[in-house]
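S.K.: Encoded as structure tokens, here's the structure I'll be asking about.
The values are calculated or read from the model by the stated rules, or taken from the named source; none is laboratory data. The shown structure was predicted, so the numbers you read here are calculated from the model rather than taken from an experiment. Cβ placement follows ideal geometry from the backbone for every residue including glycine, while neighbour counts extend to all protein chains displayed.
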Amino acid sequence: MTKDMPMPKDAKIQAEADRNRELLRTVIVGHVDHGKSTLVGRLFHDTGSLPDGKMEAITEMCRKRGMPFEWAFLMDAMQAERDQGITIDTSQIWFHTEKRDYTIIDAPGHTEFLKNMVTGAAQADAALLVIDAGEGVQEQSRRHGYLLSLMGVRQVAVAVNKMDRVDYSQARFDEIEAEYRQYLNSVGVDATFVVPVSAREGDMIAMRTDGDEKANMGWYKGPTVVEAFDSFKMPEPLSHQALRMPVQDVYKFDDRRIIAGRIESGKLRVGDRVMFSPLNKSSRIKSIETWPDSRENPTAASAGESVGITLEEQIFVERGQIMSQVDNPPVETDVFRARIFWLGREPLSVKKAYKIKIGTLQANAKIESVERIVDTGDLSNREAEQVERNQVGEVIIRCKRMIALDEFTENPNTGRFVIVDGYDIAGGGIISMEGYPDQRSLSTVKSTNIYKVTTNVDRAARERRNHHKGGVLWFTGLSGAGKSTIAVALEKALFERGYSTYVLDGDNVRYGLNANLGFSPEDRAENIRRVGEVASLFSDAGVIVLSSFISPYRSDRQRARDSVGEGFHEIYVATPLEVCEERDPKGLYKKARSGEIKDFTGVSAPYEEPAEADFTLRTAERSVEECVEELLGYVGHKFDL
Amino acid sequence: MDRLDRLEAQSVYIFREAFNRIDKMALLWSLGKDSNVMVWLAKKAFLGHIPFPVMHVDTGKKFPEMYEFRDRYAEEWGLDFIREECPPIEDIDGEGLGPAARSAARKTAGLRMATQKHGFNGLVAGIRRDEQSMRAKERVFSPRGLEGNWDFRDQPPEFWDQYKTDYPEGTHIRIHPLLHWTELDIWEYTKREEIPLISLYFSKNGKRYRSLGDQDITNPVDSDASTVEEIIQELRTTKVSERSGRAMDHETEDAFERLREGGYL
Ligand SMILES: Nc1nc2c(ncn2[C@@H]2O[C@H](COP(=O)(O)OP(=O)(O)OP(=O)(O)O)[C@@H](O)[C@H]2O)c(=O)[nH]1
Ligand SMILES: [Mg+2]
């Protein structure tokens, strides 16, 4: 049982101080065999951190294998690792300097084990990248640097190792430093220090050798590896950012209904009004519950804490929703852009169904398109159909439903995700909404106290009078595809045949109904939302609406379809970009190419082709008359009573 | 938040993920300091309730103090307690194993049988990375094969607190909520939270147990530390590794690796 003996005061202060010591997690990365594990072994030895008997044990392991003393065996624990002299899986070990405590994470350098490198690096606050002075900058040196940057580990120091092999040559060191600094810069990382070391000999690990007779690197005036570690900064706490708490679970073990989750950023206080996205229901926080019950419940909590809260109002809350303040919520969307790394055995493909996990949220998703593959060697881009194992690239991901998330640059914890293929986590990525709107305002009813009015003339009666059904022919396609031309010609033909029709055209509504909207992704989405609602009203009135809008986003068209209902017909005017650009009736493509117009669909903003259009028109191969002819048949078939 | 708050918050997060994602789980309670901290953290995670069974796989060879402790706190903490037994040592194939390793293999067999009997898909275990270099390579959610085996040469990636929670029928996941704690952290937390402990950890006649296993294969270490505070002081300066009193780790270089591959904790 705990014995209560008063502690001497000094010891108490000491204990307090120890518990508040900083703990920094540092990962060691770099190309295979460049000496990462050796460096860790040596670091432990030179700082007096090895447990008793470890040196003897390692000596014995090496003797048994008939090989010289190998520092790497401290970390390389598997027989397979020792026998092959290679690190297979990442490992962790603790040590401290005067300044603070460290968790050192050793990562493998072989491409085969990139998934293990990522596992180690993702847990780190800072990194030391090791480069062999003889071999110089290699494939994994670059790839690891790139991945660190992608994952947000931006504090990086570099060790140029095995200086003993190059006669401690300053020229060789300078060469490598220049080359690798430049690479890191191009991926947005500024190396804190580049340190020449010999892990095997212990030069510049914990001790400087300039003063003594060894004086191997008297020319080097910078810090040792240990000093470079101590110069890293502790990560900033996220408590000053907007509140984000992904709901982990809802417990009803007793008469309390407790919402469990970890605060990823920001703060919360009892009495705060909070909102849960994507359903956007809000409530006040009633209490923050804790155990043991003998201790008083706190009234506030902030980033990093795992909490259990109760709410004033009994609103529907479930795992995967994000709790935020009402006025600073996350993005709501079903589609986003991502920079990803792929670790799966099977390539990442647009054909397969995947699951994604963002925080506690899980959603079924598809890769809509692979935008590009990045060569981490020279940072060049190329097109591809799929992302192969260990590649990085940019993709568009579409989920089966609306989800809440943040851009990675806004909030790393809610702006990154993993992709699950079958039973396995097979990739990860960071989110960007570039070119895509926040759909929050589009799906939220802002005013309350709205009651629907039912009228005495129903839709069927209107249709009987018109002799045809009401509905919408929704023309979508690139600028210059021919949407308006065909819609106008078709309207004339329909009108002459006795149909009630009306054309809603992009340019026209922008003079009136949507005069307050521009061309940002959000405004485009709002533009289409309004048009969809207007089309829905017309169609309810028994009219056949011909709407012609680029409407580039699939989710916007889906929303219009949902609003109109059964009578919605998506007509894809499938004219290839080259043809549209050649026609360029308004000279817009030229301006877009020169950069004069920004966010131009097909050039600098995405166009998402319909997955299942109700009707597709190939205008490149047909005249306007032929298109109208085809559509007349379609309308007769679909709209006549 | 200080260091202990952060450790606690992370462990609570892990517990809650496991409970939400895993069908049928149990917490392995070995009665030692780590697993007591674990029970404590589970009570924190679920606000006083532990919504899954707490299981002791008994070798029958624990110290009497341990059994006393178990019976008292199973009751006091309101645990849904299960006791399972290990098969007799004669049933264990001891080829190439020293006596201590064979004894450990018996525990593994007991664990496998209990897991199958109850159909558990998840076992929460209190191992830490700093205990032993093979454990240092573990994942927080670590899949086990049909026979409870660990494929340590090909572990799943694990990052950004996204864990492996999808598993094929018949296999299970080991969940390690204390993986990121150190021995010193355990003691500091035990002190702060006033978590009860078995008296064998405290020095008697110049010796104490640092790690508790079966009576016949665990040895005490030299120590005068007879309070939690003194133990914390001792750990700050010691260079003796925690499991030095555990015989099975030392019989051969790969003893522990082989045990763990077979499903040992
Ligand atoms: N001469 C010399 N050899 C070194 C030095 N550092 C490491 N080595 C040797 O380089 C080889 C590879 O070292 P490791 O530490 O295993 O390399 P690693 O980077 O951890 O390799 P992986 O983890 O497999 O990627 C070993 O044989 C080391 O002894 C050094 O400073 N000088
Ligand atoms: Mg290594």
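S.K.: Can you name the residue in the stretch B:236-248 that is within 11 Å of chain A (Cβ to nearest Cβ) and part of a helix (DSSP H, G or I) and, of all such residues, is surrounded by the fewest Cβ atoms within 10 Å (Cβ to Cβ)?
M.R.: In the first step, residues of the stretch B:236-248 are kept if they are within 11 Å of chain A (Cβ to nearest Cβ); the result is B:236, B:238-244.
From the residues that got through so far, the ones that are part of a helix (DSSP H, G or I) too are B:236, B:242-244.
Values: B:R236: 11, B:E242: 19, B:R243: 19, B:S244: 16.
My answer is B:R236.
S.K.: Cβ-Cβ below 6 Å, separation at least six or inter-chain, first residue in the stretch A:129-158 and within 13 Å of A:V27 (Cα to Cα), second polar (S, T, N, Q): which pairs?
M.R.: Here the result reads A:V130/A:N161; A:A157/A:T192, each pair linking the stretch A:129-158 to a residue that is polar (S, T, N, Q).
S.K.: Something else: Restricting to the stretch A:66-89, name every residue that is part of a loop (DSSP other than H, G, I, E, B) and more than 7 Å from chain B (Cβ to nearest Cβ). Explain how you work it out, then say what you get.
M.R.: We begin by selecting, within the stretch A:66-89, every residue part of a loop (DSSP other than H, G, I, E, B); these are A:66-70, A:75-78, A:85-89.
A:G66, A:M67, A:P68, A:F69, A:E70, A:M75, A:D76, A:G85, A:I86, A:T87 - these are the residues of the stretch A:66-89 that are part of a loop (DSSP other than H, G, I, E, B) and more than 7 Å from chain B (Cβ to nearest Cβ).
Conditions tested, residue by residue: (1) surrounded by fewer than 21 Cβ atoms within 10 Å (Cβ to Cβ); (2) within 14 Å of chain A (Cβ to nearest Cβ).
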{"position": "B:V12", "(1), (2)": "no, yes"}
{"position": "B:L41", "(1), (2)": "no, yes"}
{"position": "B:M55", "(1), (2)": "no, no"}
{"position": "B:D80", "(1), (2)": "yes, yes"}
{"position": "B:C86", "(1), (2)": "no, no"}
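S.K.: Taking the stretch A:279-320 on its own, how many of its residues are out of contact with any strand residue (DSSP E or B) (no Cβ under 9 Å at 6 or more places or on another chain) and part of a strand (DSSP E or B)?
M.R.: Looking only at that region, the number is 0.
S.K.: Quick check on A:Q79: is it free of Cβ contacts under 8 Å to residues at least 24 places away in the same chain and either within 14 Å of ligand 2 (Cβ to nearest atom) or buried (at least 24 other Cβ atoms within 10 Å of the Cβ) (or both)? Full working, then the answer.
M.R.: Details: free of Cβ contacts under 8 Å to residues at least 24 places away in the same chain: yes; either within 14 Å of ligand 2 (Cβ to nearest atom) or buried (at least 24 other Cβ atoms within 10 Å of the Cβ) (or both): no.
No, not satisfied.
S.K.: Here is a follow-up. Is it the case that A:Y251 is more than 16 Å from ligand 1 (Cβ to nearest atom), assigned by TED's automatic domain parsing to the domain that holds A:W71 and at pLDDT 95 or above?
M.R.: On the way: more than 16 Å from ligand 1 (Cβ to nearest atom): yes; assigned by TED's automatic domain parsing to the domain that holds A:W71: no; at pLDDT 95 or above: yes.
Answer is no for this residue.
S.K.: Only one of A:R63, A:R21, A:R42 is out of contact with any helix residue (DSSP H, G or I) (no Cβ under 8 Å at 6 or more places or on another chain) and either outside any loop (DSSP other than H, G, I, E, B) or in contact (Cβ under 8 Å) with a residue 24 or more places away in the chain (or both); which? Full working, then the answer.
M.R.: Working: A:R21 fails: out of contact with any helix residue (DSSP H, G or I) (no Cβ under 8 Å at 6 or more places or on another chain); A:R42 fails: out of contact with any helix residue (DSSP H, G or I) (no Cβ under 8 Å at 6 or more places or on another chain).
Checking each option against the conditions leaves just A:R63.
Residue-wise test of (1) over 21 Å from B:V12 (Cα atoms); (2) under 15 Å from the mean Cα position of the chain (by Cα); (3) buried (at least 22 other Cβ atoms within 10 Å of the Cβ).
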residue: B:G119; (1), (2), (3): yes, no, no
residue: B:R135; (1), (2), (3): no, yes, no
residue: B:E138; (1), (2), (3): no, yes, yes
residue: B:R144; (1), (2), (3): yes, no, no
residue: B:F152; (1), (2), (3): yes, no, no
residue: B:W160; (1), (2), (3): no, no, no
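S.K.: Return yes or no: is B:R174 part of a strand (DSSP E or B) and under 15 Å from the mean Cα position of the chain (by Cα)?
M.R.: On the way: part of a strand (DSSP E or B): yes; under 15 Å from the mean Cα position of the chain (by Cα): yes.
Against the criterion (part of a strand (DSSP E or B) and under 15 Å from the mean Cα position of the chain (by Cα)), B:R174 qualifies.
S.K.: I've got another one for you. Can you find a residue that is over 24 Å from B:D5 (Cβ atoms), within 19 Å of the chain's Cα centre (by Cα) and not aromatic (F, W, Y) anywhere in the stretch B:183-190? Explain how you work it out, then say what you get.
M.R.: Step one: of the stretch B:183-190, the residues over 24 Å from B:D5 (Cβ atoms) are none.
No, every residue in the stretch B:183-190 fails to be over 24 Å from B:D5 (Cβ atoms), within 19 Å of the chain's Cα centre (by Cα) and not aromatic (F, W, Y).
S.K.: Could you check the stretch A:452-545 for helices (runs of 4 or more DSSP H) lying wholly inside it with 2 or more residues that are in contact with a Phe, Trp or Tyr (Cβ under 8 Å, 6 or more places away or on another chain)? Let's see the steps before the verdict.
M.R.: Numbers: elements: A:459-466, A:483-496, A:506-511, A:521-540.
By residue number, A:483-496, A:521-540.
S.K.: Would you pick out the residues in the stretch A:437-447 that are surrounded by fewer than 23 Cβ atoms within 10 Å (Cβ to Cβ) and touching a residue at least 12 places away in the same chain (Cβ under 8 Å)?
M.R.: Step one: filter the stretch A:437-447 for residues surrounded by fewer than 23 Cβ atoms within 10 Å (Cβ to Cβ), giving A:438, A:440-447.
Selection gives A:D438, A:R440, A:S441, A:L442, A:S443, A:T444.
S.K.: Tally up the residues in the stretch A:17-75 that are under 30 Å from A:H144 (Cα atoms) and away from ligand 1 (no atom under 14 Å from the Cβ), please.
M.R.: Residues in the stretch A:17-75 being under 30 Å from A:H144 (Cα atoms) and away from ligand 1 (no atom under 14 Å from the Cβ): 10 in total.
S.K.: Something else now. Within the stretch A:607-641, how many residues are charged (D, E, K, R) and either in a helix (DSSP H, G or I) or over 30 Å from A:P521 (Cα atoms) (or both)? So that I can check it myself, show each step before the final result.
M.R.: Quick first cut of the stretch A:607-641, residues charged (D, E, K, R) only: A:608-609, A:612, A:614, A:618, A:621-622, A:625-626, A:629-630, A:638, A:640.
If we keep only those that are either in a helix (DSSP H, G or I) or over 30 Å from A:P521 (Cα atoms) (or both) too, we end up with A:621-622, A:625-626, A:629-630, A:638, A:640.
So the answer is 8.
S.K.: Please find, within the stretch A:124-154, the residue that is farthest from ligand 1 (Cβ to nearest atom) out of those that are farther than 21 Å from A:R42 by Cα and within 14 Å of chain B (Cβ to nearest Cβ).
M.R.: It comes out as A:G152.
S.K.: Sticking with this structure for a sec: So, A:E227, is that one over 32 Å from the mean Cα position of the chain (by Cα), over 18 Å from A:G109 (Cβ atoms) and within 16 Å of ligand 1 (Cβ to nearest atom) or not?
M.R.: Values: over 32 Å from the mean Cα position of the chain (by Cα): yes; over 18 Å from A:G109 (Cβ atoms): yes; within 16 Å of ligand 1 (Cβ to nearest atom): no.
The answer is no for A:E227.
S.K.: Hey, any hits in the stretch B:182-198 for a residue that's at positive phi and more than 10 Å from chain A (Cβ to nearest Cβ)?
M.R.: Going through the stretch B:182-198, the residues at positive phi turn out to be B:194.
Okay, now just the ones that are also more than 10 Å from chain A (Cβ to nearest Cβ), so none.
No, that holds for no residue.
S.K.: Do we find that A:A493 is of a type outside the set (K, R) and out of contact with any Leu (no Cβ under 9 Å at 6 or more places or on another chain) in this structure? Show your work before the answer.
M.R.: Numbers: of a type outside the set (K, R): yes; out of contact with any Leu (no Cβ under 9 Å at 6 or more places or on another chain): no.
Spelling it out, it is not the case that A:A493 is of a type outside the set (K, R) and out of contact with any Leu (no Cβ under 9 Å at 6 or more places or on another chain).
S.K.: Oh, and also: Just to be sure, is B:L259 at pLDDT 90 or above and buried (at least 20 other Cβ atoms within 10 Å of the Cβ)? Working first, answer last.
M.R.: Working: at pLDDT 90 or above: no; buried (at least 20 other Cβ atoms within 10 Å of the Cβ): yes.
So B:L259 does not fit the description; no.
S.K.: I need the full set of residues from the stretch A:46-58 which are more than 16 Å from ligand 2 (Cβ to nearest atom) and not acidic (D, E), in order please.
M.R.: The first filter runs over the stretch A:46-58 and keeps only residues more than 16 Å from ligand 2 (Cβ to nearest atom), leaving A:46-57.
Hits for the stretch A:46-58 are A:T47, A:G48, A:S49, A:L50, A:P51, A:G53, A:K54, A:M55, A:A57.
S.K.: Out of all the residues in the stretch B:168-203, which are of a type in the set (D, E, K, R) and either surrounded by fewer than 18 Cβ atoms within 10 Å (Cβ to Cβ) or under 23 Å from B:G122 (Cβ atoms) (or both)? Reasoning before the result, please.
M.R.: Taking the stretch B:168-203 as the starting set, the residues that turn out to be of a type in the set (D, E, K, R) are B:169, B:174, B:183, B:185, B:188, B:191-194.
Residues satisfying the conditions are B:E169, B:R174, B:R192, B:E193, B:E194.
S.K.: Run down A:S265, A:S277, A:S282, A:S239 and say which single residue is away from ligand 1 (no atom under 16 Å from the Cβ), closer than 30 Å to A:P329 by Cα, surrounded by 15 or more Cβ atoms within 10 Å (Cβ to Cβ) and over 25 Å from the mean Cα position of the chain (by Cα). Before you say what the answer is, go through the steps one by one.
M.R.: Details: A:S265 fails: over 25 Å from the mean Cα position of the chain (by Cα); A:S277 fails: over 25 Å from the mean Cα position of the chain (by Cα); A:S239 fails: over 25 Å from the mean Cα position of the chain (by Cα).
Among A:S265, A:S277, A:S282, A:S239, only A:S282 is away from ligand 1 (no atom under 16 Å from the Cβ), closer than 30 Å to A:P329 by Cα, surrounded by 15 or more Cβ atoms within 10 Å (Cβ to Cβ) and over 25 Å from the mean Cα position of the chain (by Cα).
S.K.: Any residue in the stretch B:204-212 that is surrounded by fewer than 21 Cβ atoms within 10 Å (Cβ to Cβ), in a helix (DSSP H, G or I) and of a type in the set (D, E, K, R)?
M.R.: no
S.K.: For the stretch B:166-181, give me the residue count where each residue is free of Cβ contacts under 8 Å to residues at least 24 places away in the same chain and facing chain A (nearest Cβ under 9 Å). Steps first, answer last, please.
M.R.: Residues of the stretch B:166-181 free of Cβ contacts under 8 Å to residues at least 24 places away in the same chain: B:166, B:168-169.
Checking the rest, the ones that are also facing chain A (nearest Cβ under 9 Å) come to B:166, B:168.
Residues in the stretch B:166-181 being free of Cβ contacts under 8 Å to residues at least 24 places away in the same chain and facing chain A (nearest Cβ under 9 Å): 2 in total.
S.K.: Within the stretch A:90-123, can you find the residues that are within 12 Å of ligand 1 (Cβ to nearest atom), in contact with a Phe, Trp or Tyr (Cβ under 9 Å, 6 or more places away or on another chain) and at the interface with chain B (Cβ under 8 Å from one of its Cβ atoms)?
M.R.: A:T90
S.K.: Further question on the same structure: State which residue is surrounded by the fewest Cβ atoms within 10 Å (Cβ to Cβ) when the search covers only the stretch A:533-556 and only residues that are under 20 Å from A:P606 (Cα atoms) and touching a helix residue (DSSP H, G or I) at 6+ places or on another chain (Cβ under 9 Å). Break it down into steps so the answer makes sense when it comes.
M.R.: Residues of the stretch A:533-556 under 20 Å from A:P606 (Cα atoms): A:548-556.
Of the ones still in play, those that are also touching a helix residue (DSSP H, G or I) at 6+ places or on another chain (Cβ under 9 Å) are A:548-553, A:555-556.
Working: A:S548: 28, A:F549: 26, A:I550: 23, A:S551: 27, A:P552: 24, A:Y553: 26, A:S555: 20, A:D556: 24.
Among residues in the stretch A:533-556 that are under 20 Å from A:P606 (Cα atoms) and touching a helix residue (DSSP H, G or I) at 6+ places or on another chain (Cβ under 9 Å), the one surrounded by the fewest Cβ atoms within 10 Å (Cβ to Cβ) is A:S555.
S.K.: I need the full set of residues from the stretch B:224-235 which are within 22 Å of the chain's Cα centre (by Cα) and more than 10 Å from chain A (Cβ to nearest Cβ), in order please.
M.R.: As a first pass, look at the stretch B:224-235 and keep what is within 22 Å of the chain's Cα centre (by Cα): B:228, B:231-232, B:235.
Listed by number, the residues that qualify are B:I231, B:L235.
Let's see how each residue does on (1) more than 21 Å from A:S287 (Cβ to Cβ); (2) modelled with pLDDT under 95:
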position: B:V12; (1), (2): no, no
position: B:L28; (1), (2): yes, no
position: B:L31; (1), (2): yes, yes
position: B:D34; (1), (2): yes, no
position: B:D58; (1), (2): yes, yes
position: B:K62; (1), (2): yes, yes
